[in-house]
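A short write-up of the structure that comes next.
The values are calculated or read from the model by the stated rules, or taken from the named source; none is laboratory data. Just so you know, these numbers come straight off a predicted model, no measurement behind them. Note that each Cβ is placed from the backbone with ideal geometry, even for glycine, and that neighbours are counted across all protein chains shown.
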Amino acid sequence: MSGTTNAYAVDPVGEYVVGVVIAGAMRVRRGRERFVFGTGDICTWDPSAAHSGTPHACTGWQARLLILESPALERIVHGPQPLPTDLCFSRPLIRDRRLAQRFVELHRGLETPSWSLEREGLLADWLHDVSDGRQNLDDRRRSVRRDPALRRACQFLHDELAANVTLAELEGAAGVSSHRLSRMFRAAYDMPPHRFQLAHRIRTARQMLERGVAISEVAQATGFFDQSHLHRHFRRTLGMTPARHARLTAQTYKTSALR
């Protein structure tokens with residue numbers, strides 16, 4: 001995403017948001033933390049807490065952003081190493097002109113036809129350099145993510161995206177007790193099953209909107225009760241309505257489809 005705004009509020013569910021302020025400045029609140037981002041500053045937000053921003057000494061700010069989904073990151077960097085979604089971003093505010101310029105070049109590259117290997121390689125290199133250089137993933141979490149019961153539960157939520165899944169049904173699909181299942185989700189993904197399900201629904205809704213699918217159809221296909229239900233969760237998670245997201249990403253999707 002790129003553009004100018006004068007306010008935002010995001011409650012991430014399993015997604016990272018990274019970007020660079022191009023012009024102006026913003027004041028951001030995350031829990032008890034306060035940050036002021038100026039022109040050229042890098043922001044790296046992990047999914048650990050909600051955050052919101054307002055202008056600082058200006059009427060609005062311009063920025064370029066990427067929303068990084070867990071499955072996409074896992075495809076970029078894979079193998080026996082810790083998942084890239086566990087890169088440690090302990091510094092939401094980074095001032096590094098070289099890294100900022102690299103991000104802007106990467107972001108501009110996404111707006112034009114380019115090879116996937118090129119885009120994913122540049123992103124993987126940038127994420128490695130902007131992180132703290134260590135992975136926030138211990139052996140226990142890695143082991144839990146490989147557990148067959150958790151994998152069955154995740155697959156069930158994926159397959160039954162539009163269904164109103166009960167905890168008993170998820171328990172039956174996983175083959176373990178609901179108490180153990182809840183502990184496994186928290187240990188593996190730092191969220192309970194319903195938040196994991198919501199993250200998958202929001203991610204799928206975003207992808208459908210970017211393909212031009214009608215909002216009413218998106219809501220039905222992704223398990224939301226109606227358009228207003230999708231609207232509420234989408235805006236709370238990503239800081240904008242489904243309609244606005246569709247408008248902002250329509251041109252980018254059309255460009256990439258021409259490759």
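Count of region 160-185 residues, restricted to those that are over 14 Å from Gln197 (Cα atoms), of a type outside the set (A, V, I, L, M, F, W, C) and not in a helix (DSSP H, G or I), is 2.
Residue pairs whose Cβ atoms lie under 8 Å apart, separated by 6 or more positions or on different chains, with the first residue in region 149-177 and surrounded by 13 or more Cβ atoms within 10 Å (Cβ to Cβ) and the second among the hydroxyl-bearing types (Ser, Thr, Tyr) and at pLDDT 95 or above, are Leu161/Thr222; Ala162/Thr222. Do we have Arg206 as touching a strand residue (DSSP E or B) at 6+ places or on another chain (Cβ under 9 Å) and within 27 Å of Thr112 (Cβ to Cβ) here? When the stated conditions are applied, Arg206 passes them. The selection criterion, being crowded, with 19+ Cβ neighbours inside 10 Å and under 20 Å from the mean Cα position of the chain (by Cα), holds for Ala199. Screening region 222-247 for residues that are touching a strand residue (DSSP E or B) at 6+ places or on another chain (Cβ under 9 Å) and of a type in the set (Lys, Arg) and picking the one that is farthest from Ser2 (Cα to Cα) gives Arg236.
Residues in region 132-156 that are modelled with pLDDT of 90 or more and within 28 Å of Thr44 (Cβ to Cβ) were compared, and the one that is nearest to the chain's Cα centre (by Cα) is Cys154.
Picking from residues in region 210-240 that are of a type in the set (A, V, I, L, M, F, W, C), part of a helix (DSSP H, G or I) and buried (at least 18 other Cβ atoms within 10 Å of the Cβ), the one that is modelled with the lowest pLDDT is Leu238.
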